Structures are given as structure tokens and as C-alpha cells.
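Here's the structure we're looking at; comments come further down.
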Amino acid sequence: MRHETQVKIYEKMLLARQLDTLLSQPRILGNPFYIGSTFEEPLVALGMQMKVGVGAAFDVVAPYYRSLPLLVGMGLPVKSFMRQAAMRESDPFSKGRQMVNHFSEPDYNVVPVSSCVTVEAGKGFGTAMVQKMQADTDVLTVAHLGDAMCAEADFWVMLQEVALRELPVLIL
């Protein structure tokens, strides 16, 4: 790995950690509600490798509320996270509805986060099916799931569908 690449990865990992720490400060004071990314900064490297764009010819992310480092690696603007935390109408993810860490960015193929457990599993294999049918190039769907999702039936259905249909899915 080239030195410049290592520095870029480190800088984005540091940015993700600092952003996570900054966003947690208002929670300590009682507003707004925030759930941190639990030290998942290495996901920045995966985000940096993704083919970012709109449509079936680009990689898709089905994130959950701890996916901030992955999205930072993909290049989502820091101001987007800050606007969401500040509950501004200019928040691109939830339009200021205090839905902190409910990411959604069509321009980056980031499907909306839901508060319900394991919803990302269905979105993950669903978008991968569309990619397999429509993409002319190699693409990937990244389904970033929390550990609570592993106890739900949707998770196991997703694993079966991904395996049986040989879908381009990376499950984290």
C-alpha cells in the first residue's frame, strides 16, 4: 500500500472518530439522542474502495445507525452529519426530523436506515438482486448490520437468498 493511501485512510478514520465524538457531546447534555459508531473506524477503508454513484451500475450500501465511518469513507460530506445532528431542514438524510444516524443519500446509493431491526437485511439482498439483473459491471451491495439483527429471521432469510441466488453482497 502506498504511503499516500495509508495517510488518506488514517485521516478519514480520524475524521470519523472526531465526528463521532463531536456528535455525542449534545447527547451528554440531553439533546439530541445519538448512538455512536462504536469504534468501527476501519470501515473507512471499505468505504474508500466503493464505487460511488447512482443506480445499478454502482455499489449500494444498506447501512444501520452505526455506519458513520463507512459513509465517511465513501465521501459523504461532514456537513451532512452535522446538519442532521443540529436538526436542520438542510439535513439531507431526514430533513431535520431528529432522526440522528438515519442515513439516506440517493446520490451515493445509500438506502434509508430504518429504526426497525433487520430491515437492512431485506434491503441488502433486494438491491443486490436488482444489481445482478441490471448491472453491466461488477458491483457490490454492502449490508452493514448490527449484532441484534443476527437473532432475527430476516437475517437468516437474507443469508439463504444471498447464497441461493449468488448475489453480490458483503455482509458486515
Which ones in region 141-167 are part of a loop (DSSP other than H, G, I, E, B) and either of a type in the set (D, E, K, R) or in contact with a strand residue (DSSP E or B) (Cβ under 6 Å, 6 or more places away or on another chain) (or both)? 152, 166
Just one of (1) at positive phi; (2) buried (at least 17 other Cβ atoms within 10 Å of the Cβ) trips up residue 155, so point out which. (1)
Run residue 128 past the list (1) over 20 Å from residue 37 (Cα atoms); (2) of a type in the set (A, V, I, L, M, F, W, C); (3) in contact (Cβ under 8 Å) with a residue 60 or more places away in the chain; (4) not in a helix (DSSP H, G or I) and report the number of the one that doesn't hold. (4)
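Each row is one residue, and each column tells you yes or no for (1) open to solvent by 70 Å² or more (accessible area, probe 1.4 Å); (2) of a type in the set (Ser, Thr, Tyr); (3) closer than 18 Å to residue 65 by Cα; (4) at pLDDT 85 or above.
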{"site": "116", "(1), (2), (3), (4)": "yes, no, yes, no"}
{"site": "119", "(1), (2), (3), (4)": "no, no, yes, no"}
{"site": "133", "(1), (2), (3), (4)": "yes, no, no, yes"}
{"site": "146", "(1), (2), (3), (4)": "no, no, yes, no"}
{"site": "150", "(1), (2), (3), (4)": "no, no, yes, no"}
{"site": "159", "(1), (2), (3), (4)": "no, no, no, yes"}
{"site": "167", "(1), (2), (3), (4)": "no, no, no, yes"}
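Yes or no, residue by residue, for (1) modelled with pLDDT under 90; (2) farther than 30 Å from residue 155 by Cα:
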{"residue": "9", "(1), (2)": "no, yes"}
{"residue": "15", "(1), (2)": "no, yes"}
{"residue": "25", "(1), (2)": "yes, yes"}
{"residue": "40", "(1), (2)": "yes, no"}
{"residue": "50", "(1), (2)": "no, no"}
{"residue": "70", "(1), (2)": "no, no"}
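The values are calculated or read from the model by the stated rules, or taken from the named source; none is laboratory data. Predicted, not measured: the structure shown is a model, and the values here were computed from it. Here Cβ is always computed from backbone atoms with ideal geometry, including for glycine, and neighbour counts include all displayed protein chains. The accessibility values were calculated without ligands, DNA or RNA, using every heavy atom of the protein model including side chains. Shrake-Rupley method; radii C 1.70, N 1.55, O 1.52, S 1.80 Å.
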